[in-house]
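*Asks:* After the structure tokens below, expect a handful of questions from me.
Where a number appears in this text, it was derived from the coordinates with a stated rule and is not lab data. Computed from a predicted structure; not experimentally measured. Don't worry about glycine lacking a Cβ; one is built from the backbone with ideal geometry, like all the others, and counts go over all protein chains shown.
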Amino acid sequence: MRYIAAMPAIPITRSIAIDSDEISESFIRSTGAGGQHVNTTDSAVQLRFDVAHSPSLPDAVKRRLAILAGRRITAEGVLILRSEGSRSQLMNRQEVMARLVGLIREAAIVPKNRKATKPTRASKTRRMDSKAKRGTVKSLRRKPID
């Protein structure tokens with residue numbers, strides 16, 4: 001009797017880990033030139049991750065990930081990443097997984113709220129003084145009016 005060990009969760013941040021069952025990979029033929037070997041092997045990897053229905057991600061991270069993914073996310077909320085840069089299927093799998101982890105890590109960062117500020121009175125004065133000085137320099141370059 002053979003036991004198949006379940007893949008452990010994929011760590012993203014300290015508080016976020018994705019279960020490997022949420023990710024599906026399919027192997028397809030790479031596009032472009034390459035010769036006989038490329039035409040017979042399925043070395044390209046297409047990774048699918050259902051962002052909208054993932055229990056591992058908080059809602060805020062899902063929203064930011066959808067914005068970051070852009071065209072790579074479907075209307076149903078499925079993120080599709082593809083890698084075909086290497087001849088090796090294993091290297092393409094590692095590369096596409098690293099891209100997924102990187103995207104989720106970037107989405108996990110909470111952006112800082114920008115505080116609206118006004119220019120100080122001194123900075124306004126300096127700006128107006130420099131404009132007046134520059135205007136004076138330019139007016140001295142003109143031909144004198146008779």
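*Asks:* Put +1 on the Cβ of each Lys and Arg and -1 on the Cβ of each Asp and Glu in the chain; which of VAL137, ALA44, LEU68 then has its Cα farthest toward the positive end of the dipole?
*Replies:* VAL137
*Asks:* If you compute semi-axes √(5λ) of the Cα gyration tensor in Å for the structure shown, which of (1) 37, 17, 13; (2) 55, 25, 12; (3) 21, 18, 13 do you land on?
*Replies:* From the options (1) 37, 17, 13; (2) 55, 25, 12; (3) 21, 18, 13, the structure gives (2).
*Asks:* So which trypsin sites (Lys or Arg not before Pro) in region 38-110 are both in a DSSP loop and have at most 15 other Cβ atoms within 10 Å of their Cβ? It would help to have the intermediate numbers written out before the result.
*Replies:* Values: sites: ARG48, LYS62, ARG63, ARG64, ARG71, ARG72, ARG82, ARG87, ARG93, ARG99, ARG105; in loops: ARG87.
Counting only loop positions with at most 15 other Cβ atoms within 10 Å, the trypsin sites (Lys or Arg not before Pro) in region 38-110 are ARG87.
*Asks:* Under a Cβ-Cβ cut-off of 15 Å, what is the net charge of the residues other than LEU81 that fall near it, where Lys and Arg count +1 and Asp and Glu count -1?
*Replies:* Numbers: positive: ARG48, ARG71, ARG72, ARG82, ARG93, ARG99, ARG105; negative: GLU22, GLU25, ASP50, GLU84, GLU95, GLU106.
My count for the surroundings of LEU81 gives +1.
*Asks:* Treating only the Cβ of Lys, Arg, Asp and Glu as charged (+1, +1, -1, -1), what charge dipole size does the chain show about its Cα centre? Round to the nearest 20 debye.
*Replies:* Details: 29 positive and 13 negative charges, 461 e Å.
With Lys and Arg at +1 and Asp and Glu at -1, about 2220 debye.
*Asks:* Can I ask one more? Once both axes come from the Cα atoms, what is the angle between helix 121-140 and the longest principal axis of the chain, in degrees from 0 to 90, rounded to 10?
*Replies:* With both axes taken from Cα atoms, the answer is about 60 degrees.
*Asks:* Moving to a separate point now. Along region 15-31, what does the Karplus equation 6.51 cos²θ - 1.76 cosθ + 1.60 (θ = phi - 60°) give for ³J(HN,Hα), rounded to whole Hz, x for Gly and Pro?
*Replies:* 9, 10, 9, 9, 6, 5, 6, 7, 9, 10, 10, 10, 10, 10, 7, 6, 8
*Asks:* Still on this model: Could you tally the net charge around ARG121, taking each other residue with its Cβ under 14 Å from the Cβ of ARG121, Lys/Arg +1 and Asp/Glu -1? Don't skip to the answer; put the middle values down first.
*Replies:* On the way: positive: LYS118, LYS124, ARG126, ARG127; negative: ASP129.
With Lys, Arg at +1 and Asp, Glu at -1, the net is +3.
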